[in-house]
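Structure first, then comments.
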Amino acid sequence: MVTQHDVVIVGAGLAGMRAAIEAARGGVDVAVVSKLHPVRSHSGSAEGGINVALGNVADDDPDIHTFDTIKGSDYLADQDAAEIMCHEAIEDIIELEHMGCYFSRLPNGRIAQRPFGAAGSPRTAFAADITGHVLLHVMYEQLLKHEVKVYEEYFAVDLAMDGETCTGVVCWDLVNGGVKAVAARSTVLATGGMGRMFHGTTNAYACTGDGMAMAFRAGAPLKDMEMMQFHPTTLKSNGVLITEGCRGEGGYLRNSEGERFMAKYAPNALELASRDVVSRSEWTEIHEGRGVDGCVLLDLTHLGADHINRALPGSRELALDHAGVDAIDDPIPVRPGAHYQMGGVATDVWGRTPIEGLYAAGEVACVSVHGANRLGGNSLLETVVYGRRTGAKAAEEAAERRPVEATRTAAGIDMVRQRVNRLLATESGPRSDELREALATTMYDNLGVFRDEAGMTQAVKDIAELRARYDEGVVVQDKGDVFNSDLTYAIEVGYLLEMADTLAQCGVFRKESRGAHSRTDFVERDDENWLCHTIVRRTPEDPEFTIETAPVTITKHQPKVRTY
Ligand SMILES: Cc1cc2nc3c(=O)[nH]c(=O)nc-3n(C[C@H](O)[C@H](O)[C@H](O)COP(=O)(O)OP(=O)(O)OC[C@H]3O[C@@H](n4cnc5c(N)ncnc54)[C@H](O)[C@@H]3O)c2cc1C
């Protein structure tokens, strides 16, 4: 079965819904495909807030926001893209407010802003510590208001291609079973991140790199895949995130000796240095024997019960539920955990990929505004600014393209059906969760906060073996049609393995330390040789990768030594 629209958006998180709303405003027929109900998207778990230089608490300016973003990126961000994001933020956040987002307030009624890591001014707007939840629900209301068709619980398996042009997406219908295609003149990927390839990740189970893998297999280049961010404050038991807002509200990080150790590593910014710096400092403390059971301590006790209950109620609850600690009385044990993929599908500042008809926005994309290290609060902002821009461009260009002939997507349907049938027919071999476990172990051990040639090469070898086992066939025990999560998980693990391979190989390729890519064998940033993006690509026919470099766009800010 093939249905047709002008624009199809794959993914209903903040980026996808914001893109859909803007495309609908462009007067074209828009549909959204999502493997989850929209409000279950990972965006909903964002806690700390969204950056915007409103200057409500202290002087601020979009230019300073741009500079902080570029410095935070360790000078790998494309500066034109960062400028657009920081300057367009103000109108976009005010629009969110008008759509109905109830941001926390200052006593004078203005939107409150909290300090966040590596920001020169308190710049992060928030709704207590459930910002993503609030934004996502408001966006969903707007989606309904604009009467956008949502194919809920449709799992996209592959892009539909007509030669070199993307003509929509081929899906597995999770509720009813069966392969169905949604044909469109413009297809926008907004499928989020890929943190599930690591143990102890903050990411939801659905963050499996699907969109990156689909675009990659169709020949789209991926950019800066080695840049996986580790968030400094996650719970050891299950990777659950304790927001940076805790440090923004005045929380301390202490080691086993009670020392506020960040004074040694970032004497000015202390706990509010950038995430890569704080994660490395924690790792060093833990590995030099000043940790507490593999963690350091996030101490909020001096803030007092009133402050914690007002500004950080969700964090208190998470620590109680998942670590058995009441943050009012005791410090929370935390450690760095895999959190955010700075790299992704390479796009221009309108979300366009080099493939005709294919766009990307949000965490799946690499515009690139985050470079080698994202600032907390900039990702939600990217979903909104670049979601809007991408939706607008996808609609505008859809109107200029010829309609897709439905028969052209039939080949894609056949191919996906064959893949599904092959998975269902496999009777012996490993289960996909066994392969995911092994993958997550080698990624955590070898591509964590610190990396070196030997570890990364080991990961490349491990991944090659896991991919070979996967290709021989994984067993899907559920043979049914309805909510066959065994089947979809098997497909997701295939995406994870391929994207992990790009991450590890790009990691070996970049012979320097920059942002999240911190090598013990190349400890310095090397602007002479490595002030460049990595670009990894393959063709649809040949699964072998090639890796090359591409220049970074520099407008105003020449690279400087980065200290906090
Ligand atoms: C715990 C946590 C807290 C965070 N806190 C903050 C914060 O405070 N501030 C900040 O700026 N950033 C934060 N981030 C980062 C930020 O929330 C995310 O990067 C951002 O929300 C991603 O949005 P997205 O729309 O790109 O993707 P997502 O919200 O992940 O949505 C992806 C969508 O794609 C769909 N999808 C995926 N694969 C398929 C497929 N194969 N077929 C169909 N549909 C598919 C899913 O159903 C979903 O609807 C946080 C992240 C985490 C994990």
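The values are calculated or read from the model by the stated rules, or taken from the named source; none is laboratory data. Predicted model only: the values in this text are computed from it and were never measured. Glycine gets a Cβ as well: all are built from the backbone with ideal geometry, and neighbour counts include every protein chain shown. Areas reflect the complete protein model, heavy atoms only, side chains present, ligands, DNA and RNA absent. Shrake-Rupley method; radii C 1.70, N 1.55, O 1.52, S 1.80 Å.
Summary of values
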quantity: Odd one out for MET225 among (1) over 30 Å from PRO540 (Cα atoms); (2) among the aliphatic types (A, V, I, L, M); (3) more than 15 Å from the ligand (Cβ to nearest atom); calculated: (1)
quantity: Failed condition for ALA128, given (1) assigned to a loop (DSSP other than H, G, I, E, B); (2) open to solvent by 20 Å² or more (accessible area, probe 1.4 Å); (3) under 23 Å from TYR495 (Cβ atoms); (4) within 12 Å of the ligand (Cβ to nearest atom); calculated: (3)
quantity: VAL157 vs. criteria open to solvent by less than 10 Å² (accessible area, probe 1.4 Å) and either in contact with an Asp or Glu (Cβ under 7 Å, 6 or more places away or on another chain) or within 9 Å of the ligand (Cβ to nearest atom) (or both); calculated: yes
quantity: Odd one out for CYS246 among (1) assigned to a strand (DSSP E or B); (2) within 13 Å of the ligand (Cβ to nearest atom); (3) open to solvent by less than 10 Å² (accessible area, probe 1.4 Å); calculated: (1)
quantity: Any hit, the range 96-110, residues being in contact with a Phe, Trp or Tyr (Cβ under 9 Å, 6 or more places away or on another chain) and away from the ligand (no atom under 15 Å from the Cβ); calculated: yes
quantity: Hits in the range 1-26 (condition: more than 8 Å from the ligand (Cβ to nearest atom), open to solvent by less than 10 Å² (accessible area, probe 1.4 Å) and not in a helix (DSSP H, G or I)); calculated: VAL7, VAL8, ILE9
quantity: Of the criteria (1) under 22 Å from LEU439 (Cα atoms); (2) touching a strand residue (DSSP E or B) at 6+ places or on another chain (Cβ under 7 Å); (3) open to solvent by 10 Å² or more (accessible area, probe 1.4 Å), which one TYR205 fails; calculated: (2)
quantity: Looking only at the range 491-524, and only at residues there that are in contact (Cβ under 8 Å) with a residue 24 or more places away in the chain and in a loop (DSSP other than H, G, I, E, B), the one that is most open to solvent (accessible area, probe 1.4 Å); calculated: THR520
quantity: Check on VAL404, of a type in the set (Val, Ile, Thr), touching a residue at least 40 places away in the same chain (Cβ under 8 Å), open to solvent by 10 Å² or more (accessible area, probe 1.4 Å) and not in a helix (DSSP H, G or I); calculated: yes
quantity: Any hit, the range 57-80, residues being open to solvent by 10 Å² or more (accessible area, probe 1.4 Å), of a type outside the set (D, E, K, R) and outside any helix (DSSP H, G or I); calculated: yes
quantity: Residue within the range 295-310 that is in contact (Cβ under 8 Å) with a residue 60 or more places away in the chain, in contact with a Leu (Cβ under 8 Å, 6 or more places away or on another chain) and among the acidic types (Asp, Glu) present; calculated: no
quantity: Filter pass, ALA119 being in contact with a strand residue (DSSP E or B) (Cβ under 9 Å, 6 or more places away or on another chain) and within 13 Å of the ligand (Cβ to nearest atom); calculated: yes
quantity: HIS87 open to solvent by 10 Å² or more (accessible area, probe 1.4 Å), touching a helix residue (DSSP H, G or I) at 6+ places or on another chain (Cβ under 8 Å) and over 26 Å from ASN373 (Cα atoms); calculated: no
quantity: Test for ALA361: is it among the hydrophobic types (A, V, I, L, M, F, W, C), at pLDDT 95 or above, closer than 16 Å to ALA20 by Cα and buried (at least 24 other Cβ atoms within 10 Å of the Cβ); calculated: yes
quantity: Test for ASN268: is it in a loop (DSSP other than H, G, I, E, B) and touching a helix residue (DSSP H, G or I) at 6+ places or on another chain (Cβ under 7 Å); calculated: no
quantity: The range 330-358, subset open to solvent by 10 Å² or more (accessible area, probe 1.4 Å) and part of a strand (DSSP E or B), residue farthest from the ligand (Cβ to nearest atom); calculated: GLU356
quantity: Top-ranked residue in the range 33-55 [being touching a Ser or Thr at 6+ places or on another chain (Cβ under 6 Å) and of a type outside the set (A, V, I, L, M); ranked as farthest from the ligand (Cβ to nearest atom)]; calculated: ASN51
quantity: Residues being within 22 Å of ARG417 (Cβ to Cβ) and part of a strand (DSSP E or B) - total across the range 137-158; calculated: 7
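Each row is one residue, and each column tells you yes or no for (1) among the hydroxyl-bearing types (Ser, Thr, Tyr); (2) surrounded by 21 or more Cβ atoms within 10 Å (Cβ to Cβ); (3) out of contact with any Phe, Trp or Tyr (no Cβ under 9 Å at 6 or more places or on another chain); (4) modelled with pLDDT of 95 or more.
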{"residue": "HIS231", "(1), (2), (3), (4)": "no, yes, no, yes"}
{"residue": "THR234", "(1), (2), (3), (4)": "yes, yes, yes, yes"}
{"residue": "ASN238", "(1), (2), (3), (4)": "no, no, yes, no"}
{"residue": "GLY251", "(1), (2), (3), (4)": "no, yes, yes, yes"}
{"residue": "ARG254", "(1), (2), (3), (4)": "no, no, no, yes"}
{"residue": "GLU257", "(1), (2), (3), (4)": "no, no, yes, yes"}
{"residue": "ARG260", "(1), (2), (3), (4)": "no, no, no, yes"}
{"residue": "SER274", "(1), (2), (3), (4)": "yes, yes, no, no"}
{"residue": "GLU282", "(1), (2), (3), (4)": "no, yes, no, yes"}
